[in-house]
1. Using each residue's phi in the stretch 108-118, evaluate 6.51 cos²θ - 1.76 cosθ + 1.60 at θ = phi - 60° and report the 3J(HN,Hα) Karplus result to the nearest Hz, with x for Gly and Pro.
2. With a 1.4 Å probe and every protein chain kept in, tell me what percent of the accessible surface of the chain is carbon plus sulfur.
3. Of 111, 87, 66, which has the largest mean-square fluctuation in a 10 Å C-alpha GNM of the chain?
4. What FRET efficiency, computed as 1/(1 + (r/R0)^6) with R0 = 35 Å and r the Cβ-Cβ distance, is obtained for residue 61 and residue 22, rounded to the nearest 0.05?
5. Of the residues 51, 123, 67, which exhibits the maximal mean-square fluctuation in a Gaussian network model of the chain defined by a 10 Å Cα contact cut-off?
6. For a distance above 22 Å, tell me the whole-number percent of Cα pairs in the stretch 53-128 that qualify.
7. How many nm separate the modelled label positions at residue 175 and residue 84, each set 7 Å beyond the Cα in the direction of the Cβ?
8. Treating only the Cβ of Lys, Arg, Asp and Glu as charged (+1, +1, -1, -1), what charge dipole size does the stretch 42-142 show about its Cα centre? Round to the nearest 20 debye.
Amino acid sequence: MTDAPEQVLRSRVVFEGRVVRVRVDEVRLRSGKVTTREVVEHRGAVGMVPLTADGRVLMVRQYRTALGGWTVEIPAGSLEPGEAPEACVQRELAEEVGYEAGRVEHLVTFAPSPGFLTELLHLYLCTDLRPRSLPREEEEMEVVAVPLAEARRMVQSGEIRDAKSIIGLLLAWERDAGGR
């Protein structure tokens, strides 16, 4: 893109892990100044708000090392290489909460932290749930079923703190006409 205000001069990978890759880009600004940008590359992820017929949201309680504590979140997971977001939704739902969705409705796609992270996160409302279980990865988690109105209260009180859950739950609340 020729009108970009930054031109990448060099890029070098400084870390390559299972989930992310980190690179440092040397860029020239329009002013001519040369500076660096640290970029975390991530292949993208999905998050879903699985809503039961009686208006409860299935969420997961899990320990997050980065935060040093337990969180309650909507189910989510990283896309596998070449995997479509809708396929990832069904796989992650089965792995994390033991269901599949008869109906999957896209809520929004957003960039969690565009200042340094390439990840796009696709959020979905999942309804018409049917039991389907897949083995979990190496995560220890507990499924919790919370009325949508209670989940909204948990967002407002700060009990739910992660962006994907806040965005997904508030959009689901709005879409569900105020939690029935």
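1. 5, 10, 9, 9, x, 7, x, x, 8, 10, 7
2. C and S atoms contribute 51 percent here.
3. 66
4. Approximately 0.75, to the nearest 0.05.
5. Largest GNM mean-square fluctuation: 67.
6. Every Cα pair in the stretch 53-128 considered, those over 22 Å come to 29 percent.
7. Taking the simple label geometry, residue 175 and residue 84 are separated by 1.7 nm.
8. 180 debye
The values are calculated or read from the model by the stated rules, or taken from the named source; none is laboratory data. Model, not experiment: these values are computed from the prediction. Note that each Cβ is placed from the backbone with ideal geometry, even for glycine, and that neighbours are counted across all protein chains shown. Heads up: the accessible areas ignore ligands, DNA and RNA and are worked out on the full protein's heavy atoms, side chains in. Shrake-Rupley method; radii C 1.70, N 1.55, O 1.52, S 1.80 Å.
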